[in-house]
1. Suppose we take every Cα in the chain and form the convex hull; what volume per residue is that in Å³?
2. Just to be sure I understand: of the beta bridges DSSP finds with both ends in the stretch 88-213, what percent are antiparallel, rounded to 5?
3. Spelling out what I want: for every residue of the stretch 331-341, take phi, set θ = phi - 60°, compute 6.51 cos²θ - 1.76 cosθ + 1.60 (Karplus), and round to whole Hz; glycine and proline get x.
4. Could you state the number of Å between the C-alpha centres of the stretch 367-409 and the stretch 247-275?
5. Only four residue types carry charge here, +1 at the Cβ of Lys and Arg and -1 at the Cβ of Asp and Glu. Report the dipole size of the chain about the Cα centre in Debye, rounded to the nearest 20.
6. Pick out which of 254, 338, 70 has the largest mean-square fluctuation in a Gaussian network model of the chain, springs linking Cα atoms closer than 10 Å.
7. Please compute the net charge surrounding residue 252, taking Lys and Arg as +1 and Asp and Glu as -1 over other residues with Cβ under 11 Å from its Cβ.
8. How much length, in nm to one decimal, is gained on full extension between residue 364 and residue 401, taken as 0.36 nm per residue of separation minus their Cα-Cα distance?
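Read the figures in this text as sums done on the coordinates, not as results from a lab. These numbers were taken from a predicted model, which means no experiment stands behind them. Using ideal geometry, Cβ is built from the backbone for each residue, glycine included, and neighbour counts are taken over all protein chains shown.
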Amino acid sequence: MRRSLFLALGILNLVWFSAAGQDIIYARSCIKTLCSSDFYGRGYVNNGDKIAAQFIREEFAAKKLLPLGENYFQPLGFPVIYYPARVEITLDGVPAFAGTDFIMNPGCPTVNGTFKVLKLDSALVDNTSDFGKLRGKNFKNTFFVVDELKSKTLLHPERAKLVLSNGLKAKGLIYKNNKTLVWSPAMDFAEYPILYFKEGSFPDLVLKMQVKIDASYKVHGTQNVIGMIKGKTQPDSFVVFTAHYDHLGMMGSEVMFPGANDNASGVAMLLDMAKYYSKNPPNFSVVFIAFAGEEIGLIGSYYFTQNPLVDLKKIALLINMDLMSTGDEGLTAVNATEFPDLFENLKLCNSMGNYLPDIAPRGKAQNSDHYYFTEAGVPAFFFYLRGNYHHYHDIDDTYSELTLSRYKEAFQLITDFANMRMGK
Ligand SMILES: [Zn+2]
């Protein structure tokens, strides 16, 4: 492309986008706020998710959205395992750092004390006499290092299976590998602790390991946050935008999972859309829902479908946004195969506006908050953007890592698609 033409198109884009009403500066500031340490990773330590809900409610109110529920809140609750105190591990006296060097399994029970470490490699497990000696021994003060038993071809895979399911009743298991340290919240305690170490963070020989992990349990009171803009011509028909605002929170008092892409980015787009529709009144009523409890099992959205604040039968279209910070490789539409006509419209909007390089169809999947709406018969999509971004459920999914490179195009595409459904 010639430079002059490129410049001309650049100016055209600018006009086109400013007309569209997205506000990437506002979206960025929302992401920055949601990912700040004041929000504790929007989880269950220090009620981080409640702080985030309060912020979203204030943003809804500032745009004069009509409150649904109790002043924008739909209260709900669920059990949760959380870790309010500092998580500590030392290996022969040398500290290892939570989130960076190691992570524990979701729902890891309390572990407190000094433990022996025993490496169970393939040679030991395949040696009948050595393995026989392990049986019947008491390992309640021992952690087994077991990563080799997963990767190697073994003569006796059933023995590895026994070890890996903790059939020898060790205190816990240790894996070391170079995978990213990925975490999730849990409602139930795991049977035994599993510690995942980064290769290089766990020496070949460790004699003593000190562990202090204090797991707490509570029934956590939380809330969905819901606002509405009344439709001009068909106020009894609804288009619904959703995004979950919860994330993993804190692993102990010091390690935070900011959840920038997952899903501060989706919430920012949701708030930006609320801003846009409050200035450009839509034909249908438009509902904005920020869901709680997604990461722990789609709890907030499930609760809403069981206790709907708008008639589910009158929802003409629901768009759930989760992981919205990239887009250089395009957008994926979960449920495309369920709603082929709507998906064709989405592709049409994209080619008319020349927004994203690819719109990929995907089938039904129970992987975000659209799911229970589809099950309830609502035409619902889950959109996520694809691009060169690989932080997911780790401590590096931070505000500063995000580019929002195709934010404007994605915003424009999604609002075009919703507006088309509302006959605009
Ligand atoms: Zn998510």
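1. Expressed per residue, the convex hull around the Cα atoms of the chain is 163 Å³.
2. So the antiparallel bridges amount to about 55 percent of the total.
3. 10, 10, 10, 6, 5, 4, 6, 7, 10, x, 5
4. 11
5. 100
6. For the chain, modelled as a Gaussian network with Cα springs under 10 Å, the answer is 70.
7. That works out to -1.
8. 10.3 nm
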